[in-house]
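Take a look at this one; I'll ask things after.
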Amino acid sequence: MLYKELKDSIKALGFPSIEDFVHYIGVTPSDILEWEEKDDIPYTVSLIIHLLKGDKNLPNNKTLDNLVEECLPLAELLEEASSFPHKLEEMFLLQKELNDSTNGKNWELGVNKFGKEINWLRCIHMEVAELIESTPWKHWKNINAEPDMNNIHVELVDIWHFLMSYILQETNVPKAVSLVNTHCIYEALEEIDVKSMVKEAEKLSYISLAIETGNMPTFSGVERFIDQFFRCCKISGLSFNWLQKLYIGKNCLNKFRQDHGYKEGTYTKIWNGDEDNVVMVSILEKMEDVSFKDLYEKLESNYPG
């Protein structure tokens, strides 16, 4: 838009003077002088004029189009994040239910129903070791091997089981959801730096040991754990949605096995040529949103037994 067009538009919109328009849109008189000298109006001001006039066809601007295109992934991520509190609540409730059934009531006190000590910190430490074993970290063996990313993601899900349990030991479900929620908003990397991934995973062990040895306050450790865990997910290419799906999947399949004779030895683990966990993952991949109930029903419909 040219400067003359701006003046004509301002009059047509009913502004007594250009000073009134300047005050209305929040720019300074020096801005107006600059527009007059260049005989060119910024796109945002031109857009305001068109919107005030009620024009249906707004002016095109390549810069704005590029900006919108760049913001779309973030907008989609933020829209997706609106479902995170519900998904987190479901996972924490499932974890509490699992711990109640396997460890007995009041497991949060650190002892299971058989009187055996519960040590979530040690559990996390051991799972980190299993994650690292899925990478070619050894300088004397399989030097050029590729990391087993599928198993690394599974190990991260296992760590998540124990981390949730540790968080629930220190607080309740609503507070746990509040603590974790903002950390779930991230974009998982597509390019995986294995060396960096191992170093970041090891930090989870360092946090465990720092709390265990009294060198880090417990609640501060919880916050550090959460932040570091989702950093590990990000750099290993594990999105929050896939983390949630795998978590629901593992819990649901375990429940399904128990309900269909796993303890009695009558459960069928091979489903039409594939192991049940492979079938479960293939079902997850086709589900946009996963809930325990929906997945259980799909497993039921696919079960050959």
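The values are calculated or read from the model by the stated rules, or taken from the named source; none is laboratory data. Keep in mind that this is a model prediction, so the values were computed, not measured. Quick reminder, even Gly has a Cβ in these numbers, built from the backbone with ideal geometry, and neighbours come from all protein chains shown. Side chains included, ligands, DNA and RNA excluded: accessible areas come from the protein's heavy atoms. Shrake-Rupley method; radii C 1.70, N 1.55, O 1.52, S 1.80 Å.
Quick check, is residue 245 open to solvent by less than 60 Å² (accessible area, probe 1.4 Å), touching a residue at least 12 places away in the same chain (Cβ under 8 Å), closer than 21 Å to residue 168 by Cα and among the charged types (D, E, K, R)?
Considered against the rule, which asks whether it is open to solvent by less than 60 Å² (accessible area, probe 1.4 Å), touching a residue at least 12 places away in the same chain (Cβ under 8 Å), closer than 21 Å to residue 168 by Cα and among the charged types (D, E, K, R), residue 245 comes out as yes.
If I ask for residues that are under 20 Å from residue 93 (Cβ atoms) and more than 30 Å from the chain's Cα centre (by Cα), which ones from the range 249-305 would you list?
Once the filter is applied, which keeps residues that are under 20 Å from residue 93 (Cβ atoms) and more than 30 Å from the chain's Cα centre (by Cα), the range 249-305 yields only 259.
Do you know which residues across the range 15-41 are open to solvent by less than 50 Å² (accessible area, probe 1.4 Å), outside any helix (DSSP H, G or I) and under 16 Å from residue 5 (Cβ atoms)?
If the condition is that a residue be open to solvent by less than 50 Å² (accessible area, probe 1.4 Å), outside any helix (DSSP H, G or I) and under 16 Å from residue 5 (Cβ atoms), then 15, 41 are the ones that fit.
Can I ask one more? Is at least one residue of the range 224-234 among the basic types (Lys, Arg), touching a helix residue (DSSP H, G or I) at 6+ places or on another chain (Cβ under 8 Å), at pLDDT 95 or above and in a helix (DSSP H, G or I)?
Yes, the range 224-234 contains at least one residue that is among the basic types (Lys, Arg), touching a helix residue (DSSP H, G or I) at 6+ places or on another chain (Cβ under 8 Å), at pLDDT 95 or above and in a helix (DSSP H, G or I).
Which condition does residue 131 not pass, out of (1) out of contact with any Phe, Trp or Tyr (no Cβ under 6 Å at 6 or more places or on another chain); (2) buried (at least 18 other Cβ atoms within 10 Å of the Cβ); (3) under 19 Å from residue 171 (Cα atoms), if it passes all the others?
(3)
State yes or no: is residue 211 open to solvent by less than 30 Å² (accessible area, probe 1.4 Å), farther than 22 Å from residue 170 by Cβ and in contact (Cβ under 8 Å) with a residue 40 or more places away in the chain?
The answer is no for residue 211.
Here's something else I'd like to know. Can you pull out the residues in the range 109-128 that are within 13 Å of residue 206 (Cα to Cα) and open to solvent by 50 Å² or more (accessible area, probe 1.4 Å)?
Scanning the range 109-128 gives 122, 125, 126.
Open to solvent by less than 90 Å² (accessible area, probe 1.4 Å), modelled with pLDDT of 75 or more and under 30 Å from residue 230 (Cβ atoms), is that true of residue 106?
Answer is no for this residue.
Turning to a different aspect of this structure: Output the residues belonging to the range 159-184 that are open to solvent by less than 70 Å² (accessible area, probe 1.4 Å) and under 16 Å from the mean Cα position of the chain (by Cα).
159, 160, 161, 163, 164, 176, 177, 179, 180, 181, 183, 184
Here's another thing I want to ask about it. Sort out which residues of the range 173-188 are among the hydrophobic types (A, V, I, L, M, F, W, C) and closer than 15 Å to residue 81 by Cβ, and write them in order of number.
Taking the range 173-188 as the starting set, the residues that turn out to be among the hydrophobic types (A, V, I, L, M, F, W, C) are 173, 176-177, 179-180, 184-185, 188.
Within the range 173-188, 177, 180, 184, 185, 188 meet the criteria.
Another question, then. Could you please find all residues in the range 185-198 being surrounded by 15 or more Cβ atoms within 10 Å (Cβ to Cβ), over 14 Å from residue 246 (Cβ atoms) and under 15 Å from the mean Cα position of the chain (by Cα)?
186, 189 - these are the residues of the range 185-198 that are surrounded by 15 or more Cβ atoms within 10 Å (Cβ to Cβ), over 14 Å from residue 246 (Cβ atoms) and under 15 Å from the mean Cα position of the chain (by Cα).
Ok, one more. If we keep just the residues of the range 248-279 that are open to solvent by less than 10 Å² (accessible area, probe 1.4 Å) and part of a helix (DSSP H, G or I), which is farthest from residue 149 (Cα to Cα)?
256
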